[in-house]
Each structure stands twice: as C-alpha cells, then as structure tokens.
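Everything on this sheet refers to the single structure shown next.
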Amino acid sequence: MTETTPTKLVCVGRNYAKHAAELGGVVPDEPLIFFKPPSSLIRTGEPIVIPDGVGRVDFEGEIAVVIGKAAKNVRAEDAWDVVQGIAPLNDVTARDLQRIDDQWGRAKGFDTFCPVGEMVHVSEVDLNNLSVITRVNGELRQQGHVQDLVFSIPTLIEYISGIMTLEAGDLIATGTPEGVGPLSVGDTVEVEVGGVGTVSNMVVADN
Ligand code: MG
C-alpha cells in the first residue's frame, strides 16, 4: 500500500464461483461492490482485534489493486494505465453479522479488519499469473488464481470507475476464493500474493 491513506477501499463480493457457492450465494450478473473504511487498515505485524460479542470472524485472502492516479470512466483495455501496483489483502469479516445485516458496513468495517501488505509495482508482477494463498498458523486454507475471477481486474476497474472517481492510493479488493473460515484468538493469519508478498497478522481479543 502507499504511504497516504486511501480515500476508499472498494471490495468485490462473490467474485470466485466456488466461494459464492460455499456461502450459499450465486455469482452476480454484475460486480457486487461494497466498502471497507480506511480506518480498518492495518499493516503486517499489527494485530487483528476481535470485538466482543460479534460471533464468528473470518479471514478472506484477496489480491488487491492499488490505484495510481485519479480515474473516471476508464475502459477495460486502458485499465492497467491507472494501476500503481498489487498487494496482498485480508478482507476480515464478522460473518455472523454479515448474515443478519442487509448491508455489510458493520461486518466488514471494524478497526483492524483490513490488513494490507506492501505493494509491488505493476511493472514488476506477472498480471496474468497472480495467485493468492491464505494460511492460518502455517496451514494452507485458501488458494486462488486471478484467472478464476468472475470479473477480471480490468473489468472491475471499468465498472467501478464508471460509478465513482478512483483516486491515487485507493484500493480494490478483488474478492476471495473458496476456503474461508473462522479465526480464533492466538491465530496467525497470512495472505500471500505470489510474486508480490505476504501480509501476516496475529489475532487478539478486545482488551
Ligand atoms: Mg472479500
């Protein structure tokens, strides 16, 4: 991620078919987007804090796109021109709250619920061969590949920038593959994007 605080974190839901299925959902006809607040951001090594009384809290390993310049109405074929880099991201989710709320601001928005690792510049990564892996306490839990995205990164940038201006430093979390599961206090969760890097965080209780 960049040093400046992003104006927004745009997240994409159900963008891998097998993940949509595991939560009992279907792949949407258009990208399903939601937000996490910039106040949820943490870096590698900082703790994910589980709030009291929220029930199950899940990891969601994702490939994140860092926007490089202001972008509105970008066509898919030009989308990589507005991308600065790629980073690993964990879309930590209070799953029980997500199930009871029609909108996910609460489930997705707690402080510390968005670990993001160091960005690697777009020129230094193989954009057609990005993978994402999640490990909990060293054990493999999720494995996804950019080729399995329902809506590709350029398609997402065209869609989102057709709605809102993306600003330099903004993040797009491109969705999580199957294998999501709960985190417990004391766990260490790592999200690795192949050829980019890893974001690693311990899980702690509130207080
Ligand atoms: Mg997600």
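Taking the highest mean first, how do the peptides 176-182, 126-132 order by number of other beta carbon atoms within 10 angstrom per residue?
Working: 176-182: 19.9, 126-132: 16.1.
Final packing ranking: 176-182, 126-132.
Expressed as a rounded percentage, what relative contact order does the stretch 1-124 have, with Cα pairs under 8 Å and six or more residues apart? Please report the intermediate quantities before stating the final value.
Working: 209 pairs, mean separation 36.5, N = 124.
It comes to 29 percent, rounded to a whole number.
Report the convex hull volume per residue for the stretch 1-66, counting only C-alpha atoms, in Å³.
Spelled out: Cα convex hull of the stretch 1-66, divided by residues, is 125 Å³.
Sticking with the crude label model, points 7 Å out along Cα→Cβ, report the distance from Arg99 to Ala17 in nm, one decimal please.
Computed distance between label sites Arg99 and Ala17 equals 2.6 nm.
Points 7 angstrom from Cα along the Cβ direction at Glu167 and Lys69: gap in nanometres?
1.8 nm
Would you mind telling me the antiparallel percentage of the DSSP bridges in the stretch 9-205, rounded to 5?
Taking every DSSP beta bridge within the stretch 9-205, about 85 percent pair in antiparallel fashion.
List, in order, the whole-Hz ³J(HN,Hα) value for each residue of the stretch 27-32 obtained from phi through the Karplus relation with A = 6.51, B = -1.76, C = 1.60 and θ = phi - 60°; use x for Gly and Pro.
Karplus-based 3J(HN,Hα) across the stretch 27-32 equals 5, x, 6, 10, x, 9 Hz.
Placing +1 on the Cβ of each Lys and Arg and -1 on the Cβ of each Asp and Glu in the chain, which of Asn129, Val180, Thr198 has its Cα farthest towards the positive end of the resulting dipole?
Val180
Based on Cβ point charges of +1 for Lys and Arg and -1 for Asp and Glu, what charge dipole magnitude is obtained for the stretch 1-139 about its Cα centre, in debye rounded to the nearest 20?
240 debye
Among Asp187, Asp78, Asp58, which one shows the biggest mean-square fluctuation in a GNM of the chain, springs joining Cα atoms closer than 10 Å?
Between Asp187, Asp78, Asp58, it is Asp78 that shows the largest mean-square fluctuation.
Starting from the 7 Å offset along Cα-to-Cβ, what nm value, one decimal, do you get for the label separation of Asn128 and Arg43?
Taking the simple label geometry, Asn128 and Arg43 are separated by 3.5 nm.
Lys/Arg Cβ at +1, Asp/Glu Cβ at -1, dipole of the chain taken about the Cα centre: which of Leu97, Leu23, Ala168 is farthest positive-ward?
My answer, from the dipole projection, is Leu97.
Starting from the Kirkwood Rh over alpha-carbon pairs, what translational D in µm² s⁻¹ does the chain have by Stokes-Einstein at 4 °C and 1.567 mPa s?
78 µm²/s
Report the calculated FRET efficiency for Thr7 and Gln143 (r = Cβ-Cβ distance, R0 = 30 Å), to the nearest 0.05.
0.45
Please label the shape of the stretch 78-183 as rounded, prolate or oblate, based on the square roots a ≥ b ≥ c of the eigenvalues of the alpha-carbon gyration tensor (a/c under 1.5 means rounded; beyond that, a/b larger than b/c means prolate, else oblate).
oblate
Tell me what the chain gives for mean residue ellipticity at 222 nm when only DSSP H runs of n ≥ 4 count, each as -39,500 (n - 2.57), the sum divided by the residue total, rounded to 500 deg cm²/dmol. Don't skip to the answer; put the middle values down first.
On the way: 4 runs with 26 residues, N = 207.
Mean residue ellipticity at 222 nm (helix-derived): -3000 deg cm²/dmol.
Just to check I understand the Karplus step: with θ = phi - 60° and J = 6.51 cos²θ - 1.76 cosθ + 1.60, what whole-Hz values come out for the stretch 135-152, glycine and proline as x?
10, 10, 6, x, 9, 5, 10, 9, 8, x, 9, 4, 5, 8, 4, 5, 10, 5
What number, in percent, do you get for the relative contact order of the chain if the mean sequence gap of Cα pairs under 8 Å and at least 6 apart is divided by its residue count?
Numbers: 549 pairs, mean separation 71.8, N = 207.
It rounds to 35 percent for the chain.
Per residue of the stretch 71-78, what does 6.51 cos²θ - 1.76 cosθ + 1.60 with θ = phi - 60° give for ³J(HN,Hα)? Whole Hz please, x for Gly and Pro, Karplus curve as stated.
Calculated HN-Hα couplings, in order: 9, 9, 6, 7, 7, 4, 5, 9 Hz.
Computed from the coordinates by the stated procedures, all read-outs in this text should not be read as laboratory data. Not measured: the values here are computed from a predicted model. We place every Cβ from the backbone using ideal geometry, glycine too, and count neighbours over all the protein chains shown.
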